[in-house]
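The values are calculated or read from the model by the stated rules, or taken from the named source; none is laboratory data. As the structure is a prediction and not an experimental result, all values here were calculated from the model. As a convention, Cβ positions derive from the backbone with ideal geometry for all residues, glycine included, and neighbour counts pool all protein chains shown. For the accessible areas, the whole protein counts, side chains as well, though only heavy atoms, and no ligand, DNA or RNA atoms are used. Shrake-Rupley method; radii C 1.70, N 1.55, O 1.52, S 1.80 Å.
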Amino acid sequence: MKLDSYGIHWFRRDLRLDGNPALANNLKKHQGRVLGLFCFDHKFLSRPDFSTNRFQFFLETMGHLRDELNRRGGDLLVLDVGPKSAYEKLFESLQSARLPLPKTISWNRDYEPFATHRDKEMDVWFKSKGIEVLTERDHLIIEPHEIFKGDDPSATYQVFTPFKKRWLEKFVTGEVQARLNLAEVTDFKCNWQQLFAGKIKFEDQLESYCEKNRTKTTIKIPNSGTKEALKAVEIFKAKIKDYGAKRDIPSVQGTSRFSLFFKNGSLTTSQVIREMGLKNPSRWSDGEAKFVSEIIWREFYYYILSRNPRVERESFNPLYSKIAWKNNEEWFSAWKEGRTGFPIVDAGMRELNETGWMHNRVRMIVASFLTKDLHIDWRWGEQYFMEKLLDGDLAPNNGGWQWAASTGCDPQPYFRVFNPYLQSEKFDPTGVYIKRFIPELKDCPVKLIHEPPQDLMNRNYPAPMVDHSVQRLEAIALYKSRPSK
Ligand SMILES: Cc1cc2nc3c(=O)[nH]c(=O)nc-3n(C[C@H](O)[C@H](O)[C@H](O)COP(=O)(O)OP(=O)(O)OC[C@H]3O[C@@H](n4cnc5c(N)ncnc54)[C@H](O)[C@@H]3O)c2cc1C
């Protein structure tokens, strides 16, 4: 094969082929001669909130991606070093073998602070080598720099409703509607071996990572990959009409569960909008409008994180950055292990520990309980969620925690404290969800399940660890008495 020009697509959180805009663009430039590369950044793998289970889901997704690439004549090389070292090593090998460097490197844009910083550096470095960088929007429909108040690009919306209004105005424009079309990915015309005719050798790390990591997983890893994601879309098509009514009931699967796939880009929100026929807001049913509104919440949290990277470490609202959290370690352990004595909270935490998933309503309840009933710093909960959630994703996780802790952007006001008993009665009225995850309460009568009295209960289940009404007042006092500076 004549090696005149070729490109590399740097896969990151866009683990799919069809509808992958940066990849499509690169392929077009080189008539199919594009190689796929993924590099494991050890800085990322050693983060304190790293999740073995989510990593396994990611690795398995990458395996599906590679199979699909091979099927279509392409290839994916997975290297065990961060991007700078990976590309340096690759370029050195190419130069010693007198092979040309790629003409282009493509990637889809990321908005997390760590990634933004990395990408800026890589962009400068590639350009210094005379390589063209092609980047595209992918995992958001509208990017953070595109939405601002009035004429000032730096004026950030801080409240969801006006953000959503502006987002919807942009959504119906021709420019954004065109993004919902499928970026066509042609077949590949080469793989690593063919292109370099064996002149350079790399040891691919995917299998060894997958094998090693699998032994450390603690839950059953769900099926992954784009095909599985598209199956989920088909299933949800039949359910969306009931989304408004069922989305808050944790005992039924009334939500899409797409977040698992959005996290690694085996599915994108643009794909979902297109596949589900949701391009035109004037035709949305109530359920559809509610569903898209949740997608807009996701975009809102990315918007906030991208425009205020400090929220990764601190409260969005500086008024609440110095709350005197009590941070009792034993209480934190009881919360993590689902033995607080509050059935809805314990069911949620056990669901998380046993499956890597938790229903949105229950995420709100347990987050409120940790911060407002146990007076523990929201960052502790945020990190634990990241360690456990298969869909753990910085922007919505940080946004969700800061919402529940009343420290965030457009949050729950601090004086509105969720009552775990009332939440339980309202959203799990027959206790089906509680009983699914708390076998100790399987014989508890429905009318007692939300607040089981000690004498009637199976003694294996703990008594409530705190008095909610006392803790609520203390929480309000904590927020009121926060230091002003
Ligand atoms: C404390 C807390 C932590 C959270 N952590 C995460 C996280 O790490 N990763 C994550 O993806 N979501 C997180 N969320 C948001 C939400 O709980 C999940 O996105 C949702 O449960 C995913 O289920 P689904 O795909 O079935 O959602 P659906 O109800 O089907 O909604 C469709 C999509 O809209 C988005 N979405 C839905 N609800 C929200 C929301 N409240 N905020 C932002 N986006 C939303 C998701 O991308 C979701 O896939 C968190 C929420 C809270 C309260």
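Worth a mention:
- Extension gain (nm, one decimal) between T161 and T217, 0.36 nm per residue minus Cα-Cα: 16.2 nm
- FRET E, pair K237, K28, Förster distance 30 Å, beta-carbon r, rounded to 0.05: 0.45
- Quotient of the Cα radius of gyration of the range 25-73 and 2.2 N^0.38 Å, N being its number of residues: 1.50.
- The listed residues D138, D41, once ranked by accessible area (1.4 Å probe) with the largest placed first, stand as D41, D138.
- Take the Cα of F50, go 7 Å toward its beta carbon, and the backbone nitrogen atoms of the range 80-95 under 20 Å from that spot belong to 80-87.
- What the Cα convex hull of the range 392-485 gives, in volume per residue, is 143 Å³.
- Residue-span extension gain [V470 to S128] - 0.36 nm each, minus C-alpha spacing: 116.9 nm
- Portion, in percent, of the accessible area of the range 172-229 that falls on carbon or sulfur, probe 1.4 Å: 51 percent
- For a paramagnetic label modelled on T116 (point 7 Å from Cα along Cα→Cβ), amide N atoms under 13 Å away belong, within the range 305-345, to 305-313.
- Counting only protein heavy atoms and a probe of 1.4 Å, the accessible surface of the range 252-398 is 47% carbon and sulfur.
- In the range 318-480, Rg over Rh equals 0.95, where Rg is the alpha-carbon radius of gyration and Rh the Kirkwood radius from pairwise Cα distances.
- Spin-label pair N460/R72, simplified geometry with 7 Å Cα→Cβ offset, distance in nm: 5.0 nm
- Low-density loop positions, trypsin sites (Lys or Arg not before Pro), the range 207-242 - DSSP coil, at most 14 other Cβ in 10 Å: K216, K220
- Here the Kirkwood formula, the inverse mean of 1/r across different C-alpha pairs, assigns the range 266-319 a hydrodynamic radius of 13.0 Å.
- Dipole magnitude of the range 318-480 about its Cα centre (Cβ charges: Lys, Arg +1; Asp, Glu -1), debye to nearest 20: 280 debye
- With N as its number of residues, the chain has a Cα radius of gyration that, divided by 2.2 N^0.38 Å, comes to 1.05.
- Dipole magnitude for the chain: computed about the Cα centre from +1 point charges on Lys and Arg Cβ and -1 point charges on Asp and Glu Cβ, it is near 560 debye.
- Whole-number D in µm² s⁻¹ for the range 26-152, Kirkwood Cα-pair radius fed into Stokes-Einstein, 4 °C, 1.567 mPa s: 77 µm²/s
- Dipole of the range 318-480, positive end: most advanced residue of I434, Q383, F418 [Cβ charges, Cα centre]: F418
- Under 11 Å, Cβ to Cβ, from D41 - net charge with Lys/Arg +1 and Asp/Glu -1: +4
- Near G73, once Lys and Arg are set to +1 and Asp and Glu to -1 for all other residues with Cβ below 9 Å from its Cβ, the sum equals +1.
- Take the Cα of S5, step 7 Å toward its Cβ, do the same at A477, and the gap between the two points is 7.1 nm.
- Taking amide hydrogens as placed 1.01 Å from N in the peptide plane, the amide H of V34 sits under 5 Å from those of G7, K189, C190, each at least 5 positions away in sequence or on another chain.
- The chain - accessible surface per residue (Å², probe 1.4 Å): 44 Å²
- Pair L94, E314: separation of 7 Å Cα→Cβ label points (nm): 4.2 nm
- Extension gain for T186 to F148 (0.36 nm times residue separation, less C-alpha to C-alpha distance): 10.1 nm.
- DSSP-defined beta bridges in the chain - what % are antiparallel, rounded to 5: 0 percent
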